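**Student:** So that we are looking at the same thing, I have put the structure below in structure tokens.
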Amino acid sequence: IASFAPDGVALQEVQRHQALEIARRLGWHVEWARKHYPLRPPSPWRAEGLAILSPHPLTNPLHRTLSPGVHVVSYRHRIMQAGTVNSPHGALRLVNTHLATDSADTRIAQARTIAQTLTGNPLPTVLAGDLNSPDEPAVLREFRSVGLVDPGGDHTSPSIRPRQRIDYVLVPESAYATHIASPDGGQRWHELSDHLPAVAEFRLND
């Protein structure tokens with residue numbers, strides 16, 4: 001993360017203490033939102049969630065459930081998270097999510113909920129996360145409805161030998177990408193995570 005010096009980072013499947021420690025080491029701001037408890041009975045300290053990190057101040061945090069009726073002790077419980085990154089170049093809304101694994105219809109419905117939540121947002125918006133969509137244009141179509149487009153990217157899963165792309169960074173349709181990349185993968189990355197990071201550098205058109 002430090003080597004790329006990004007304006008914002010979106011993490012999934014991260015515990016709160018892990019997100020805080022990463023932010024502390026970087027000297028950054030962080031917002032964390034609980035996704036689910038992995039054990040019964042719930043163990044608050046082991047809850048997994050989403051985190052947004054930035055070297056710039058983060059304001060207006062938001063999180064919303066995408067899987068109504070699914071209890072928070074189930075890994076099937078899904079959420080979205082958002083925060084405003086207040087960089088010296090202007091404010092940006094960063095959205096973080098982790099969509100369902102069970103069916104394309106469920107992912108489409110969750111993407112639609114996110115798009116509805118973003119409707120009317122006046123700020124340039126970036127959406128990043130694990131969409132679990134290796135080849136599902138219908139999911140991306142929901143985000144296109146609110147002006148978010150896919151600039152492309154590399155395979156990200158599994159990290160030891162990537163063969164599918166399920167992690168995305170979607171940018172405003174007014175933007176143009178200057179650098180899109182993911183590492184090649186291998187044992188070193190596999191020891192860190194089952195997915196590879198997706199990096200997107202872009203500029204907004206005037």
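The values are calculated or read from the model by the stated rules, or taken from the named source; none is laboratory data. Because the structure is a prediction, the values reported are computed rather than measured. Positions of Cβ are generated from backbone atoms using ideal geometry, with glycine treated the same way; all protein chains shown enter the neighbour counts. What goes into the accessible areas is simple: the full protein's heavy atoms, side chains included, and nothing from ligands, DNA or RNA. Shrake-Rupley method; radii C 1.70, N 1.55, O 1.52, S 1.80 Å.
**Student:** Select from region 81-110 the residues that are assigned to a loop (DSSP other than H, G, I, E, B) and hydroxyl-bearing (Ser, Thr, Tyr) and write down the one among them that is nearest to the chain's Cα centre (by Cα).
**Tutor:** Thr101
**Student:** Does any residue of region 185-193 turn out to be of a type outside the set (Phe, Trp, Tyr), part of a strand (DSSP E or B) and touching a residue at least 24 places away in the same chain (Cβ under 8 Å)? Spell out how you get there, then give the answer.
**Tutor:** The initial filter retains those residues of region 185-193 that are of a type outside the set (Phe, Trp, Tyr), namely 185-188, 190-193.
Next cut, part of a strand (DSSP E or B) only: none.
No, region 185-193 has no match at all.
**Student:** Another question, if that's okay. Check region 159-169 and report whether any residue there is loosely packed, with under 15 Cβ neighbours inside 10 Å, assigned to a loop (DSSP other than H, G, I, E, B) and aliphatic (A, V, I, L, M). Working first, answer last.
**Tutor:** Applying the first criterion (loosely packed, with under 15 Cβ neighbours inside 10 Å) to region 159-169 yields 160-161, 163-164.
If we keep only those that are assigned to a loop (DSSP other than H, G, I, E, B) as well, we get 160-161, 163.
Imposing the further condition that a residue be aliphatic (A, V, I, L, M) reduces the set to 160.
Among the residues of region 159-169, at least one is loosely packed, with under 15 Cβ neighbours inside 10 Å, assigned to a loop (DSSP other than H, G, I, E, B) and aliphatic (A, V, I, L, M), which makes the answer yes.
**Student:** Another question, then. In region 120-154, how many are over 19 Å from Gly8 (Cα atoms) and open to solvent by 10 Å² or more (accessible area, probe 1.4 Å)?
**Tutor:** Residues meeting the conditions: 15.
**Student:** While we're on this one: Looking at Ala19, Ala23, which is the one that is of a type in the set (A, V, I, L, M), within 16 Å of Pro197 (Cα to Cα) and surrounded by 19 or more Cβ atoms within 10 Å (Cβ to Cβ)? Show your work before the answer.
**Tutor:** On the way: Ala23 fails: within 16 Å of Pro197 (Cα to Cα).
On inspection, the qualifying residue turns out to be Ala19.
**Student:** I need every pair where a residue in region 79-97 that is in contact (Cβ under 8 Å) with a residue 60 or more places away in the chain and within 18 Å of Val169 (Cα to Cα) has its Cβ under 6 Å from the Cβ of a residue that is acidic (Asp, Glu) and part of a loop (DSSP other than H, G, I, E, B), sequence separation at least 6 or different chains.
**Tutor:** Qualifying pairs under 6 Å: Val85/Asp7.
**Student:** Which pairs do you get when a residue that is under 16 Å from Arg141 (Cβ atoms) and assigned to a helix (DSSP H, G or I), found in region 111-125, comes within reach of a residue that is open to solvent by 20 Å² or more (accessible area, probe 1.4 Å) and among the hydroxyl-bearing types (Ser, Thr, Tyr), reach meaning Cβ atoms under 6 angstrom, with the pair 6+ apart or on two chains?
**Tutor:** Ala115/Ser145
**Student:** If you scan region 174-206, which residues turn out to be loosely packed, with under 13 Cβ neighbours inside 10 Å and either closer than 16 Å to Ala128 by Cβ or aromatic (Phe, Trp, Tyr) (or both)?
**Tutor:** The answer is Tyr176, His179.
**Student:** Taking region 42-65 on its own, how many of its residues are part of a loop (DSSP other than H, G, I, E, B) and open to solvent by less than 10 Å² (accessible area, probe 1.4 Å)? Full working, then the answer.
**Tutor:** At the first step, the residues of region 42-65 found to be part of a loop (DSSP other than H, G, I, E, B) are 42-43, 47, 55-57.
If we keep only those that are open to solvent by less than 10 Å² (accessible area, probe 1.4 Å) as well, we get 47.
Number satisfying all stated conditions: 1.
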